[in-house]
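I have placed the structure first, in the form of structure tokens, so that the comments after it can refer back to it.
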Amino acid sequence: MTFRLKRRAAPRAWTIPRKGTKWVKRPGPGPHAQDQSIPLLLVLRDIRHIVENAREARILVRTGAVRVDGQVAKDLDRGLGLMDTLSFAAPLNAHFRVVKDRRGKLVLVAIPSTEATVKIGRVRFKHTVRKGQVEVTLHDGRNLLVPPTSAYRVGDSLKLEVPSQKVVDHIPLAAGALAYVAGGSHVGELARVERVEVRNSSQPNLVHFKEGFSTVKEYVFVVGQTSPEVTLAEGVDR
């Protein structure tokens, strides 16, 4: 594995100029895939323009002023992905959530301070572990032990408190639920679930929406029942 990445080979989800220096920071191994995350350094320097260079970024994170999902971040290689929260202490006192825009780009939207400790995670896997306990794996790599009687299913979403990882709410993938599309030609849109089509083949399952389109289940991110549980766009009230 190389630790270098050419700028022209950077993931299309990154909102950075394609022309400039030859090399660009590669996200380190972490909870999100490389093409679905952007390094903290690029967020601080190239997107938010809080610092001018990597040296200033290292000084900033050493002060403990930067938090990701409620935890102090000190690794500039840390990749920020979908639904991650980014917080800055005084004097900035700003909070952001990572989402995707209509072009599939990873962007930061401002959120109130009350949302900085709240995150929605999509259930990717559910399996039984030792002593009959049940474990679910979320889209950001979190593994949570849940009661065996829990109704969590793959595709559902869990509203968490971070960094404690306490489950606050369960949002099932069911008819009538409000979903955020995280991929495909309708990326970045909110739509109302009509039904889930389970295919008995190698083809992926589909989710059909009342708006008249469908997409693969992997792209569907349930975010609420009547309205989104968290802020997903600038200037939109929940």
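The values are calculated or read from the model by the stated rules, or taken from the named source; none is laboratory data. None of these values were measured; they are calculated from a predicted model. Glycine also receives a Cβ, built like all others from the backbone with ideal geometry; neighbour counts cover every protein chain displayed.
Evaluate region 97-117: report whether one residue or more is over 18 Å from the mean Cα position of the chain (by Cα) and part of a loop (DSSP other than H, G, I, E, B).
Scanning region 97-117, I find no residue that is over 18 Å from the mean Cα position of the chain (by Cα) and part of a loop (DSSP other than H, G, I, E, B), so the answer is no.
Tally up the residues in region 137-172 that are in contact with a His (Cβ under 8 Å, 6 or more places away or on another chain) and hydrophobic (A, V, I, L, M, F, W, C), please.
So the count comes out to 2.
For residues that are acidic (Asp, Glu) and not in a loop (DSSP other than H, G, I, E, B), scanning just region 139-179, find the one that is nearest to the chain's Cα centre (by Cα).
For region 139-179, the residue satisfying everything is Glu161.
Within region 148-155, can one find any residue that is surrounded by fewer than 20 Cβ atoms within 10 Å (Cβ to Cβ), within 30 Å of Arg18 (Cβ to Cβ) and modelled with pLDDT under 95?
Checked against the condition, which is being surrounded by fewer than 20 Cβ atoms within 10 Å (Cβ to Cβ), within 30 Å of Arg18 (Cβ to Cβ) and modelled with pLDDT under 95, region 148-155 yields no hits at all.
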